[in-house]
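Shown next, in C-alpha cells, is the structure this report addresses.
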Amino acid sequence: MNGELLKISDLKMYFRVRDVSSWLGAHRSLKAVDGVSFGIGRGRTFGLVGESGCGKTTVGRTALRLYRPTDGSIIFDGADIAGLSDKEFFPYRRKMQMIFQDPFTSLDPRQTVGDIIGTPLTVHHLVSNRSERAERVKELINMVGLRSDHIGRYPHEFSGGQRQRIGIARALATMPEFIVCDEPVSALDVSIQAQIINLLEEFQEKFGITYLFISHDLSVVRHISHRVGVMYLGRLVEAGEVNELYENMLHPYTKSLMSAVPAADPEAAKTRRRIILEGDVPSPLDPPSGCPFRTRCREASAVCAEQTPPLVDVRSGHMAACHKLSIKG
Ligand SMILES: Nc1ncnc2c1ncn2[C@@H]1O[C@H](COP(=O)(O)OP(=O)(O)OP(=O)(O)O)[C@@H](O)[C@H]1O
Ligand SMILES: [Mg+2]
C-alpha cells in the first residue's frame, strides 16, 4: 500500500519483570511499548526520538522480531511477521538488519573483520565458496571506506568510527531492505558522526534501503529523517513529516523536548523559550492513568487523567495524541 515497506499497528511489547516490592517474588508486566503505530515508506527514513527509557530500542528490536510482540501487527513487505516462528522468520532475517549504538561492544572481539562481515554471507547462503566470500567481503569493506588489508584485523585495532563502518558493512552484507539504526552515532565524536551519517545516506540512495533511525539527538534526526515519531512512556505522542513536525510542533511533550536543543539561528534563539520538563518520566511499571504525559504537562486538565488520547491526524499526516488538540472548543 502506497509504497510502505513496514507498517506497525498497535504494537505492544510487555516484559515480565520481578516485582522488587513484593516479598513473594511476584512478577509484573512492564509496558515498554504500549500501542505504537506507524509506517515507513520504501527507501525512506523514520526517525524515532524521546527520552531515555521511553521504548525506542524496544520498538526497533520488536520490529526486527528480536522479541516476540505481546500484541499488534508488523507488516513487512505485505506479510505480517509478528506471529511467525523463528523458522518461518528466517528468510526475513536477511532482509532486516540492525546497526547498534556501541561499536565497541557490538562486534565480537575474537573475530577478524573478515569473519564478522563474512559470517552473514555464509549463514544466508549468499556465497557458494571461500573465494566468492573473500571477494564479497573485500567489496563490502571498500564500500564503507576501509581498506582490504583491514580484513585480517580484530575490532580492537580500530577507532570508534572505523568500528561503526565495520558494523555497517556487516549489516549491508545481506543486502537488506530495512535497517534499524539504534543510536548509530551517539558514541562517536561529532566530526566522525557526520561521516557515518553521510555513509548511511549514500547507501539509502544507492540501494533504496529503508531506515528506522533511533536517536536522542534531535538535530541528527532532523537531518536524516523524512518522517519523525516522538515517543513518551511506550507510546507515540506525535508523528509527522520532518519539517512540518519541527516547525509546527503540536504536542506539549514535543515542544519541551525540542526547546532543549540549541537553535542554530541566533535570531530564533532570542525569541525561543526553553520549557523545562519538571519531574522524572514515570515508571512504565506504574504508568499514570489516561494520558501518559499528564503528570508533567502544564496544560493537563481533568479529562487527561480519565482517558488516553488516541494518536489522530491533526493536519494532513501530522498526528498527535493530546486531548487539547482533539477536543473542539
Ligand atoms: N529485556 C527487557 N526486560 C525488561 N525490561 C526491559 C527490557 N528491555 C527494555 N526494558 C525496559 O523497557 C523500557 C524501554 O526501554 P528501551 O531500552 O526500549 O528504551 P529507550 O528509549 O531505547 O532508552 P535509551 O534512550 O536509554 O536507549 C525501559 O523501562 C526498560 O527498562
Ligand atoms: Mg535505546
Query raised in the report: Just in region 1-63: which trypsin sites (Lys or Arg not before Pro) are loop by DSSP and have at most 16 other Cβ atoms within 10 Å?
Result: 42
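Which three semi-axes in whole Å describe the equivalent ellipsoid of region 109-174, each the square root of 5 times a Cα gyration tensor eigenvalue, listed largest first?
Details: eigenvalues 68, 25, 23 Å².
One finds semi-axes of 18, 11, 11 Å for region 109-174.
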Query - Expected 222 nm ellipticity per residue - DSSP helices of 4 or more, -39500 (n - 2.57), all of the chain, to 500 - result: -9500 deg cm²/dmol
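What is the gain in length, in nm to one decimal, between residue 28 and residue 305 on full extension, counting 0.36 nm per residue of separation less the C-alpha to C-alpha distance? Don't jump to the answer; show the numbers that get you there.
Working: separation 277, 0.36 × 277 = 99.72 nm, distance 2.25 nm.
Computed gain between residue 28 and residue 305 is 97.5 nm.
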Query - Helix 160-172 axis, angle to the chain major axis (alpha carbon atoms, nearest 10°) - result: 80 degrees
**Report entry** Size of electric dipole in region 109-174: Cβ of Lys, Arg +1 and of Asp, Glu -1, about Cα centre, debye, nearest 20
**Finding:** 120 debye
Report summary line: With the 8 Å Cα cutoff and a minimum separation of six or more residues, the chain has a relative contact order in percent of 20 percent
Query raised in the report: Percent antiparallel among DSSP beta bridges with both residues in the chain, to the nearest 5?
Result: 65 percent
Query raised in the report: In Å, what is the Rg of the alpha-carbon atoms in the chain, and how long is Dmax?
Result: 21.1, 70
Query raised in the report: Which angle between 0 and 90 degrees, to the nearest 10, do you get for helix 190-207 versus the longest principal axis of the chain when only C-alpha atoms count?
Result: 80 degrees
**Report entry** Set of lysines with alpha-carbon distance to residue 56 below 21 Å, sequence-local pairs under 8 removed
**Finding:** 7, 12, 31, 95, 255
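Which FRET efficiency value, to the nearest 0.05, do you get for residue 190 and residue 102 by plugging their Cβ-Cβ distance into 1/(1 + (r/R0)^6) with R0 = 30 Å?
Details: r = 17 Å, r/R0 = 0.57.
FRET efficiency, residue 190 to residue 102: 0.95.
Throw me the Rg/Rh for region 102-259, computed over C-alpha atoms with Kirkwood Rh, two decimals. Don't skip to the answer; put the middle values down first.
On the way: Rg = 17.7 Å, Rh = 17.1 Å.
Looking at region 102-259, the ratio lands at 1.04.
Read-outs: derived from the displayed coordinates by stated rules, not from any lab. Please read all numbers here as calculations on a predicted model, not as lab measurements. Because the Cβ atoms are built from the backbone with ideal geometry, glycine has one as well, and the counts that use them run over all protein chains shown.
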